[in-house]
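The values are calculated or read from the model by the stated rules, or taken from the named source; none is laboratory data. Just so we're clear, the structure is a prediction, and the values are computed from it rather than from any experiment. No Cβ is skipped: glycine too gets one built from the backbone with ideal geometry, and neighbour counts run over all protein chains shown.
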Amino acid sequence: MKWEGNRESENVEDVRGSSGGGGGGGFSFGGGRGIGLGTIAIALVGGWIFGINPLTILGVLGGGGGSPIQQSQPQAPGAKPPAGDKQAQFVSVVLANTEDVWQAQFKRMGATYQTPKLSIFSGSYPTACGQGQSAMGPFYCPGDQKVYIDLRFFETMRTQLGATGQFAQAYVIAHEVGHHVQDLMGITGKVDAMRGKVSQAQQNALSVRVELQADCFAGIWAHDSQQSKQWLEQGDIESALNAATQIGDDTLQRRSQGQVVPESFTHGTSAQRVGWFKRGYESGDVKQCDTFSAKQ
């Protein structure tokens with residue numbers, strides 16, 4: 001991926017080295033299962049390791065039940081990343097390109113795109129959705145419209161998930177921005193409104209459709225960015241498809257617990273994630289990303 005020399009986003013903040021205080025027990029999951037993700041091995045996080053949408057997990061999957069969520073007080077904006085930080089530069093370039101792509105897409109739809117912030121943190125950091133933890137992987141918080149990422153996750157992708165390549169990393173960011181797009185479109189709010197109104201199985205199914213749509217939106221970004229930049233190299237798309245494969249619910253469950261439990265899926269199978277990313281990439285059409293009407 002030939003990313004160097006491209007525009008860097010001004011919406012990236014570096015809050016590494018700051019825990020932000022705020023304490024708290026992290027995110028509380030429904031069904032009485034309060035889980036401090038910072039203390040859990042990544043392999044046990046299962047379907048939540050990648051592309052987590054805190055509102056979906058806390059609301060849709062929680063069904064309104066479980067322990068109360070300890071909200072953390074969001075902090076003041078962080079500093080710009082240091083000039084010599086290559087990983088931060090890469091993230092800034094990818095975010096900038098998502099801004100270009102979605103501004104154009106929203107303009108075609110007669111709307112205005114509101115850019116999200118991206119916070120680079122380390123270890124633990126307070127968000128409007130609760131205390132973020134590195135072990136959660138990257139996530140988007142609708143409460144403050146920010147993407148949060150600990151850049152060490154890219155090493156986790158390579159060594160523990162078998163997802164290599166810079167474009168696989170770009171896919172991670174584009175997927176989280178996809179959740180921001182859903183938030184702006186009102187999709188996140190509509191899904192959250194279903195909290196407690198449907199069964200646990202139906203809640204899980206809704207979460208799967210949310211995540212697959214974010215994959216499709218990531219594919220749209222890949223399509224449009226390649227059209228404008230021609231920056232993809234041989235093997236880049238394959239690396240993104242491999243990443244989508246490695247973080248499918250079935251693959252993660254098989255790896256972590258030796259068996260697959262379809263009714264507990266929250267993100268979709270490997271085949272579904274690959275399929276929806278490819279649909280976005282091949283079409284470049286937002287209308288093709290209606291996972292809620294499609295048969296799964």
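Take region 204-219 and flag every residue that is within 15 Å of the chain's Cα centre (by Cα) and aliphatic (A, V, I, L, M). I'd like the intermediate steps shown before the answer.
Filtering region 204-219 for residues within 15 Å of the chain's Cα centre (by Cα) gives 207-219.
Scanning region 204-219 gives VAL208, VAL210, LEU212, ALA214, ALA218.
Looking only at region 130-153, count every residue that is at pLDDT below 85 and among the hydrophobic types (A, V, I, L, M, F, W, C) and tell me the total.
2
Across region 75-91, which residue is nearest to GLN166 (Cα to Cα) among those that are out of contact with any Leu (no Cβ under 8 Å at 6 or more places or on another chain) and assigned to a helix (DSSP H, G or I)? Before you say what the answer is, go through the steps one by one.
The first filter runs over region 75-91 and keeps only residues out of contact with any Leu (no Cβ under 8 Å at 6 or more places or on another chain), leaving 75-86, 89-90.
From what's left, assigned to a helix (DSSP H, G or I): 86, 89-90.
Details: LYS86: 12, GLN89: 12, PHE90: 9 Å.
By that ranking, first place goes to PHE90.
With a cut-off of at least 3 residues that are under 12 Å from the mean Cα position of the chain (by Cα) and under 20 Å from ILE237 (Cα atoms), name the helices (runs of 4 or more DSSP H) lying wholly within region 108-203. Break it down stepwise before answering.
Working: elements: 153-159, 166-185, 187-192.
Ranges flagged: 166-185.
What number goes with the only condition from (1) exposed (fewer than 15 other Cβ atoms within 10 Å of the Cβ); (2) closer than 25 Å to TYR113 by Cα that ILE220 does not pass?
Unmet for ILE220, out of (1) exposed (fewer than 15 other Cβ atoms within 10 Å of the Cβ); (2) closer than 25 Å to TYR113 by Cα: (1).
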